[in-house]
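Asks: Take a look at this one; I'll ask things after.
The values are calculated or read from the model by the stated rules, or taken from the named source; none is laboratory data. If you're wondering where the values come from, they're calculated on a predicted model, not measured in any experiment. Quick reminder, even Gly has a Cβ in these numbers, built from the backbone with ideal geometry, and neighbours come from all protein chains shown.
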Amino acid sequence: MLEDFDVDDVTVAGSPGLWVEGSFRTTDGDSAEWCLAASRTTGRPVHFVDSRSAGLLLLIVDKRTYAIGYGQGHRLLSGDQKDRRFGLEFAMRALDPKQVSKLMRRRPGARGRTEVTRMPSGSSIWAFDVSDAYADLVGGAGGKSESLQLTHTRPDRPVPIDGGIGLRIRLATDPAELVSDIRTIAQVLDRARVTDLEFADRMRPLQDIDTVTRLDKDLELMLGNKADEAGHRLSSVVPMELADAIDDVRAYKVRLNGVSRRESEVTVANLLNRAHILRAGTRLQSFRDGRISAYADDDCDHLLGGTKAIEWLEAITNFDDRHFALVDGHWYEIDADYQERLRQAVNELLKIRSDIVLPDWRVDQSERDYNEAAAFDPDLHLICLDRKGVQDEFHTRWGFEACDLLGPGNELIHVKKATGSSPLSHLFMQACVAIQGLEGSVQARSRFREIVRKHGRGRELPPDFKPAKIIFGILLKAGEEITPRTLFPFSQVALVQAARLLQSARIEVEVRSIHLAET
């Protein structure tokens, strides 16, 4: 519960504001809940009273209102009063895409699956496997910014950022410097998003009122079903705002239509049980008006946060061959523009062209014959390493195939004749395995240099060799040029996924068409 609650008008460097302070305590001075369990276990009297202080500064700067939380102060402002994309929009503009350390996202239609991926030391955004992130609803991102200049920023040290609904960032405490930092944040929000982070903005709530009305009517009917009738169409989820705190939750209070009830868990079954006692036609509105709060103790004294009840439900539905999902209380269209985005990604890869020449493929040649013949031509400066296994600590028996051909600039060239998508999926995976092996094992790099020395006709790799480029040489069934139209649909997905993974390791990717030799 909140005690010692005070509100005062303040002025910070000429900006008007409101200061709110209080503390969260256990009820009536009772021991914190963990004390009872510890007393039972140890046989000793254990008594502590929890007290967590909270401060909240509401400040108007250049006609925009900002809220700055101190201690537990963020809990004094309900989620309904927050700009739910403020922190994420800032992160999309300020983060260095090569120094991302956290990504929170949800895949609509995946029964509430929420992923929070962390890389404490930071990495390229593509290391987070965002190749198909067109279908993800991104809730937050964290990392470092090289370009952000706040009052405390040192030129040689990037600024840590964690942005979601809110923004975790170090601000100045001096009044004038604080207002200056807030204005810097506002300037960043007016900039264009970082290109590599634009995927986080691909899914936005539907704005078509007629479509939203139709979806709401379908959801109203779903809320009248039993759990087994709702099936896969309705799931209970954790709102993005509480995803980081959910492991600390011990109890919930569900308030619908003015009636509050404590629950040990929030499931679709108990939410639908509550919905059944509501009058038909009012259920959806009751969930939009209602609230579910999460607590760190069974007695519901220590509030961790709360949101509208509708945000604890995910629904999926479809009509007119379009698929929709309700996420965090808003309707989104799933897979919108999927094929177009995939086509654009493939086209970007096909634009990359080098001077390397790959010879035409004779009809009577096997893959092995092709590679050997390509390496036999002295003008091409290619080395055949087909079926030359690179052994390391993990691949101890046969080793992995680093490439089929080694290019004149030590490019790793992977070659495949494909009449379907399966061989190409294998090709793309083979390249990823090769890079992971050569990047991650000193033994693998040493063994690879030995193989090149043995088969390279005088070529030798430098001691500090690390692969920098992958080339996929592909012969399609009719020898046609590779385009988004001719490349198999599943192969396009596999290619884009592999390319993003390789690019995250700073490997350039090129796709080359191999043509049939004239007979």
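Asks: Among the residues that make up the stretch 240-249, is at least one of them touching a helix residue (DSSP H, G or I) at 6+ places or on another chain (Cβ under 6 Å) and either assigned by TED's automatic domain parsing to the domain that holds residue 295 or not charged (D, E, K, R) (or both)? Please lay out each step first, then the result.
Replies: Quick first cut of the stretch 240-249, residues touching a helix residue (DSSP H, G or I) at 6+ places or on another chain (Cβ under 6 Å) only: 241.
With the extra rule that they be either assigned by TED's automatic domain parsing to the domain that holds residue 295 or not charged (D, E, K, R) (or both), the set shrinks to 241.
Within the stretch 240-249, one or more residues are touching a helix residue (DSSP H, G or I) at 6+ places or on another chain (Cβ under 6 Å) and either assigned by TED's automatic domain parsing to the domain that holds residue 295 or not charged (D, E, K, R) (or both).
Asks: Is it the case that the stretch 219-234 has a residue that's closer than 30 Å to residue 74 by Cα and assigned by TED's automatic domain parsing to the domain that holds residue 305? Can you show your working first?
Replies: Taking the stretch 219-234 as the starting set, the residues that turn out to be closer than 30 Å to residue 74 by Cα are none.
Checked against the condition, which is being closer than 30 Å to residue 74 by Cα and assigned by TED's automatic domain parsing to the domain that holds residue 305, the stretch 219-234 yields no hits at all.
Asks: Please go through the stretch 68-83 and give me each residue that is touching a residue at least 24 places away in the same chain (Cβ under 8 Å) and of a type in the set (A, V, I, L, M), ordered by number.
Replies: Selection gives 68, 76.
Asks: Considering only the stretch 474-516, how many residues are part of a loop (DSSP other than H, G, I, E, B), in contact (Cβ under 8 Å) with a residue 40 or more places away in the chain and more than 20 Å from residue 404 (Cα to Cα)?
Replies: Going through the stretch 474-516, the residues part of a loop (DSSP other than H, G, I, E, B) turn out to be 477-488, 505-507, 514-515.
Checking the rest, the ones that are also in contact (Cβ under 8 Å) with a residue 40 or more places away in the chain come to 477, 479, 482-484, 487-488, 505-507, 514-515.
Cutting the leftovers down to more than 20 Å from residue 404 (Cα to Cα) gives us 483-484, 487-488, 505-506.
Number satisfying all stated conditions: 6.
Asks: Hey, any hits in the stretch 383-399 for a residue that's out of contact with any His (no Cβ under 6 Å at 6 or more places or on another chain), at positive phi and small (Gly, Ala, Ser)?
Replies: yes
Asks: Do we find a residue being surrounded by fewer than 17 Cβ atoms within 10 Å (Cβ to Cβ), of a type in the set (S, T, N, Q) and in a strand (DSSP E or B) anywhere in the stretch 55-68?
Replies: Yes, there is a match, as at least one residue in the stretch 55-68 is surrounded by fewer than 17 Cβ atoms within 10 Å (Cβ to Cβ), of a type in the set (S, T, N, Q) and in a strand (DSSP E or B).
Asks: Does residue 200 meet the test of being surrounded by 16 or more Cβ atoms within 10 Å (Cβ to Cβ) and at pLDDT below 80?
Replies: Working: surrounded by 16 or more Cβ atoms within 10 Å (Cβ to Cβ): yes; at pLDDT below 80: yes.
Yes; evaluated as a whole, the condition is true for this residue.
Asks: Okay, moving on. Against the condition out of contact with any helix residue (DSSP H, G or I) (no Cβ under 7 Å at 6 or more places or on another chain), outside the structural domain of residue 508 (by TED's automatic domain parsing) and at pLDDT below 85, how does residue 50 come out, does it pass? Working first, answer last.
Replies: Details: out of contact with any helix residue (DSSP H, G or I) (no Cβ under 7 Å at 6 or more places or on another chain): yes; outside the structural domain of residue 508 (by TED's automatic domain parsing): yes; at pLDDT below 85: yes.
Answer is yes for this residue.
Asks: Let me ask something else about it. Surrounded by 11 or more Cβ atoms within 10 Å (Cβ to Cβ), at pLDDT below 75 and in contact with a Gly (Cβ under 8 Å, 6 or more places away or on another chain) - does that describe any residue in the stretch 25-38?
Replies: Looking through the stretch 25-38, none of the residues is surrounded by 11 or more Cβ atoms within 10 Å (Cβ to Cβ), at pLDDT below 75 and in contact with a Gly (Cβ under 8 Å, 6 or more places away or on another chain).
Asks: Restricting to the stretch 183-202, name every residue that is closer than 18 Å to residue 165 by Cβ and among the small types (Gly, Ala, Ser). So that I can check it myself, show each step before the final result.
Replies: From the stretch 183-202, those closer than 18 Å to residue 165 by Cβ are 185-186, 188-189, 193, 197, 200-201; that's our starting set.
Those that are closer than 18 Å to residue 165 by Cβ and among the small types (Gly, Ala, Ser): 186, 200.
Asks: Moving on. Check the stretch 410-419 and report whether any residue there is in a loop (DSSP other than H, G, I, E, B), β-branched (Val, Ile, Thr), in the same structural domain as residue 476 (by TED's automatic domain parsing) and closer than 24 Å to residue 461 by Cβ.
Replies: Quick first cut of the stretch 410-419, residues in a loop (DSSP other than H, G, I, E, B) only: 410-411, 419.
Next, only the ones that are β-branched (Val, Ile, Thr) stay: 419.
Going one step further and asking which of them are in the same structural domain as residue 476 (by TED's automatic domain parsing), we end up with 419.
Now narrow it down to the ones that are closer than 24 Å to residue 461 by Cβ: none.
No, that holds for no residue.
Asks: For residues that are of a type outside the set (S, T, N, Q) and farther than 29 Å from residue 116 by Cβ, scanning just the stretch 244-260, find the one that is surrounded by the most Cβ atoms within 10 Å (Cβ to Cβ).
Replies: 259
Asks: Take residue 460 and tell me if it is surrounded by 14 or more Cβ atoms within 10 Å (Cβ to Cβ) and at pLDDT 90 or above.
Replies: Working: surrounded by 14 or more Cβ atoms within 10 Å (Cβ to Cβ): no; at pLDDT 90 or above: yes.
For residue 460, the condition - surrounded by 14 or more Cβ atoms within 10 Å (Cβ to Cβ) and at pLDDT 90 or above - is not met.
Asks: Assuming residue 371 fulfils every condition listed in (1) under 41 Å from the mean Cα position of the chain (by Cα); (2) part of a loop (DSSP other than H, G, I, E, B) apart from one, which condition is it?
Replies: (2)
Asks: So residue 470 ticks every box in (1) under 30 Å from residue 125 (Cα atoms); (2) modelled with pLDDT under 95 but one. Which box is left unticked?
Replies: Condition (2) is where residue 470 drops out.
Asks: May I pose another question? Mind telling me which of the residues 36, 59 ends up being among the hydrophobic types (A, V, I, L, M, F, W, C) and touching a residue at least 12 places away in the same chain (Cβ under 8 Å)?
Replies: Details: 36 fails: touching a residue at least 12 places away in the same chain (Cβ under 8 Å).
Result: 59 is the single residue among 36, 59 that is among the hydrophobic types (A, V, I, L, M, F, W, C) and touching a residue at least 12 places away in the same chain (Cβ under 8 Å).
Asks: Which residues, counting only those in the stretch 284-312, are crowded, with 18+ Cβ neighbours inside 10 Å, free of Cβ contacts under 8 Å to residues at least 60 places away in the same chain and in contact with a strand residue (DSSP E or B) (Cβ under 7 Å, 6 or more places away or on another chain)?
Replies: The answer is 286, 290, 291, 292, 293, 294, 295, 296, 300, 309.
Asks: Here's a follow-up. Would you be able to tell me the number of residues in the stretch 156-198 that are closer than 21 Å to residue 57 by Cα, in contact (Cβ under 8 Å) with a residue 60 or more places away in the chain, not β-branched (Val, Ile, Thr) and not in a helix (DSSP H, G or I)?
Replies: Of the residues in that region, 7 qualify.
Asks: How many residues are of a type in the set (A, V, I, L, M, F, W, C), within 33 Å of the chain's Cα centre (by Cα) and surrounded by fewer than 20 Cβ atoms within 10 Å (Cβ to Cβ) when one looks only at the stretch 269-283?
Replies: Looking only at that region, the number is 1.
Asks: A further question follows. Pick from 442, 493: which is under 26 Å from residue 97 (Cα atoms) and either among the hydrophobic types (A, V, I, L, M, F, W, C) or within 28 Å of the chain's Cα centre (by Cα) (or both)?
Replies: Values: 442 fails: under 26 Å from residue 97 (Cα atoms).
None of the others qualify; the one that does is 493.
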